[in-house]
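What follows is a set of notes on a single structure, which appears directly below.
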Amino acid sequence: MKKIIIPILLITLSTSGYAQTDTIRLPGKALNTAWLKPGMRQYMIVITDPRTPKSRFLWYWMREIKKEQRSGQLVFTTTQHWYASDTLRYRQAYSINRASDFAPIYHKEMVQGKTGAYNWTDSNIVGADSVANNFRKDFKLDFHAPNYNWNVDIEIFEMLPLAAGKVFAINFYDAGLSPPEFIKYTVIGSEVLNYGGKQVDCWKLFTKGTSGKITYSETYWISKAGHDFLREEDDYGQGMHRSKIRMPVNVN
């Protein structure tokens, strides 16, 4: 997932790692955008730290997807709101992606009261100088290849052609940070979740890496029938753990 709580360095894949890997590229039809369903998703995020065993840090996350026309082009828009007990931790994000292949067009986020907004193309990303109080208005980065917005990775996972044993390499970029890198994701099996009183058969997608001296792993559960991202379990250094659970709705 996009790293919110703990900064995570990206994984650089070696050439040998691509032998049986599906590289998810832009432009193209690597993602099945017909599987992405507009609507509201709500998640509860729970973070545990062994140094404070009697407490938990909680996020309530609202994520709304719409399909719209913008300047004569069909796009997906994704609006995120992150709520915590401390108002200083509130954050929001707004992303626009091409409906045909989910290529990024625009991204805006507000973190700790600061707004960063970007216009995004296949060849570069630049600060949006038309957005008021944009502290990244002078930012610019040229790309060697088109990439995907890491802020909408959940939506991308829901559009992947998941199947037993498949491995994907996705060129992700976190707006305004280090240059994009390919991240490796592996389907490690399947599991039936008891979700909202239903038994939901899910693919398990897995990634791992390091950030400095910290090793992390992340596992995602995505329903086979409906392509819904339902759960995430992450382990970080020093015994820290993050759970992300989609609040029950009617899913397949």
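Structure above, values below:
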read-out	value
Every residue from the range 52-61 that is of a type outside the set (Lys, Arg), in contact with a strand residue (DSSP E or B) (Cβ under 9 Å, 6 or more places away or on another chain) and surrounded by fewer than 15 Cβ atoms within 10 Å (Cβ to Cβ)	Ser55, Leu58, Tyr60
Check on Val192, touching a Phe, Trp or Tyr at 6+ places or on another chain (Cβ under 7 Å) and either closer than 26 Å to Gln42 by Cα or of a type in the set (A, V, I, L, M, F, W, C) (or both)	no
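Listed here are the residues, each with its yes/no results for (1) in contact (Cβ under 8 Å) with a residue 12 or more places away in the chain; (2) closer than 27 Å to Ala163 by Cα; (3) surrounded by 14 or more Cβ atoms within 10 Å (Cβ to Cβ).
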{"site": "Leu36", "(1), (2), (3)": "yes, yes, yes"}
{"site": "Gln73", "(1), (2), (3)": "yes, no, no"}
{"site": "Ser85", "(1), (2), (3)": "yes, no, no"}
{"site": "Arg91", "(1), (2), (3)": "yes, no, yes"}
{"site": "Ile105", "(1), (2), (3)": "yes, no, yes"}
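Readers should treat all values here as calculations from the given coordinates under stated rules, not as data from a laboratory. Here the structure is a predicted model, which is why all the values come from computation and not from measurement. So basically every Cβ, Gly included, is an ideal-geometry build from the backbone, and we count neighbours across all protein chains shown.
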